[in-house]
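The values are calculated or read from the model by the stated rules, or taken from the named source; none is laboratory data. Model, not experiment: these values are computed from the prediction. Ligands, DNA and RNA are excluded from the accessible area calculation, which covers all protein heavy atoms including side chains. Shrake-Rupley method; radii C 1.70, N 1.55, O 1.52, S 1.80 Å.
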Amino acid sequence: MTGNHIHTSFFDHVFVRGVMSSSDRKRWKNSYIWDLISTEGLPHLPPGHPARVTVRAGSLAVALAVVPSLVPLITSKHARKKFKISELLKREFGVNGFPFALMLVFGGGAWLEWGWNRAKATRSGDIKNDESFKRSKRRTAISTFVVSLWAIYRLRNHRKPTQPMADIPLTLSVDNLSSKTSPSLDLTIIFCVRALDALFQHAIRGRCNSEHSSSDTEREDAEKRAKVRGHLDVFLFTLASSRIMWCFVYQPFRLPQSYVKWINALAEIDNRLVLTLRALRAGTWRYGEQSPAARHILTSYAVELGYPAGWGDPAKLPPISGPSADKIWQELGVRSRSGCGGVPCELVHGDVMTPSCAVNALTRWIRAFMKAFLIYLPVHTIPTLLVNPMRFLSDPFSILTAISRSSAFLATFVGTIFSTICLSRTVLGPKLFPNLPHQTIDGPLGGVALGCITCCLSLYIERGKRRGEIALYVLPRAIRTLFKESWLRSGSLSVELVEKFAFAISCATLVTFAKYDQESLRGLSRWGLGFVLEGWESFRRKREEGEKLDRVESQASVYGPKLPDLGTYVQDSGLHNQF
């Protein structure tokens, strides 16, 4: 390995140039430890050599396998009591473990392709020829496909953890929905989504590229691609998140338990409200009827909040809006539902303890923002520490702005779903469809479905490049809910074959794009594969390309339609007169 490569590596940019004096920097560059770190202990081999690829793939896989098990040790006393290092070592460092599988996919594929090229006596300079370039791509795809079949065979026998784990992207599932489902199913779906995204990005680049190349046309093409990607990401996020939120309300068994707990903690929805919506969908809780099987759900909730038990009794609540509803409200002492039927607003708002829908939405927005700020703080600061730590001193406000922007996205997501549900059952339903029963308005195809869709538009608050990563994060979870559990649990040959070939094809697609068309990869896919196949130099290039993309996005203005201010929204809709 030559000194030129070392001097331009990621460690040189971050640690050597960023935090050391000139004298210390010179001594560090000349040290043997520096040489070992920057070259994975193999300074005599090029970055793309199969041996170095194998080392990097193994180190990254070990980190992804161990970190989810170590995080609960810091955050939970209960987890520390149950933690057993022997179980972790046996589970992750065997032939069925996650690290061995990733070493097979990337390292094994690299070795197989290297041997194939040696047998064919292929020279690297021949890649400039179009036919040789195509043959090289085919060898990469076939080599990765073959070893991936072996890797997924081992992963399907992976032992499921018995101790608490943190939910980390690109790792095996924290809590599969059934012990009979494949432990590698969620990872397979993640790889499939990433591979399909690479194909989509490749198609977008092909459609948005002009025939005549110049500096102006390249800038226009980049802006056009940014716009298409920005709107496509929001569309995919809407499809995925609306499905996830709908399942959270009506079919939580389709989601990982940790995901359900996370949504509950952020939205702060009392479980009895959710149970009422499920009973309403099942027909066991009906307005104007006794509903003995589910009658007690809301009555106990009303008493706990300090309201009369009758406010939660479906037999006493008005099933339809109009003058008849006002008579019932007068008897029950409810003042917030003039002209409207259904459940009183006070119960829907829960512990916010207000009859005003606007105050409820604003309060929940503030609560969600504070929680989201703590969530996004490490998300934005850790990558900055790795790529450009001096940015904390040179431009701290940009980091704070990014964290606040992401927090506002998540807070608006929560606030919008509440305000949309209130709007549908207080204004849209009763005013536009006065004869429509509240059994339908409050049902699965009414305000809940509308809220699950409209809240997803809050993604426009996020920056363009983060929209894509957020969409790719939720898509696998949404796709997972579309499969029939009976088929997944059956353990049939069809399930095994579909998963194996889907995993192998996805891995082959991702590795081929990573080697020959990195522009089609983005986010974690590009970062992870770039590190495995190229080494630390990929971090420096990632930072430079990120700065270039930021300039393109600022010129393209792809932030989408501006979401209305909550106060303006209330005034324009006439809700202030209803509340």
(message) Give me a comma-separated list of calculated 3J(HN,Hα) values for region 410-415, in order, Karplus coefficients 6.51, -1.76, 1.60 applied at θ = phi - 60°, integers in Hz, x for any Gly or Pro.
(response) 5, 5, 5, 4, 5, x
(request) May I ask you to compute the full-extension gain from residue 381 to residue 95, defined as 0.36 nm times their residue separation minus their alpha-carbon distance, rounded to one decimal in nm? (result) 99.5 nm
(request) Please give the direction-averaged projected area of the C-alpha convex hull for region 343-498, in square nanometres with one decimal. (result) 13.9 nm²
(request) Any chance you could list P(r) for region 262-367, counting all Cα-Cα pairs in 10 angstrom bins from zero, rounded to whole %? (result) 15, 46, 34, 6, 0
(request) Evaluate region 407-517: find the radius of gyration of its Cα atoms, find its Kirkwood radius, and give the ratio Rg to Rh. (result) 1.15
(request) Might you tell me the accessible area per residue for region 183-253, computed with a 1.4 Å probe and given in Å²? (result) 48 Å²
(request) Of the listed pairs 224/500; 224/484; 227/515, which have alpha-carbon separations greater than 29 Å here? (result) 224/500; 224/484
(request) With a probe of 1.4 Å, find how much accessible area region 288-333 has per residue, and write the answer as a whole number in Å². (result) 52 Å²
(request) Quick one: order 395, 197 from most to least accessible surface, probe 1.4 Å. (result) 395, 197
(request) Heavy atoms only, probe 1.4 Å: what % of the accessible area of region 262-420 goes to carbon and sulfur, would you let me know? (result) 66 percent
(message) Quick one: 3J(HN,Hα) in Hz for region 93-106, Karplus 6.51/-1.76/1.60 with θ = phi - 60°, rounded, Gly and Pro as x.
(response) 10, x, 6, 9, x, 5, x, 5, 5, 5, 5, 5, 4, 8
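Which shape class applies to region 475-517: rounded if a/c is under 1.5, otherwise prolate when a/b exceeds b/c and oblate if not, where a ≥ b ≥ c are the square roots of the Cα gyration tensor eigenvalues?
Oblate shape, in that a/c is at least 1.5 and b/c is the bigger or equal ratio.
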(request) May I ask you to give the percent of accessible area on region 456-497 that is carbon plus sulfur, with a probe radius of 1.4 Å? (result) 67 percent
(request) Pull out the extension gain between residue 118 and residue 138, defined as 0.36 nm times the separation in residues minus the alpha carbon to alpha carbon distance; nm, one decimal. (result) 5.7 nm
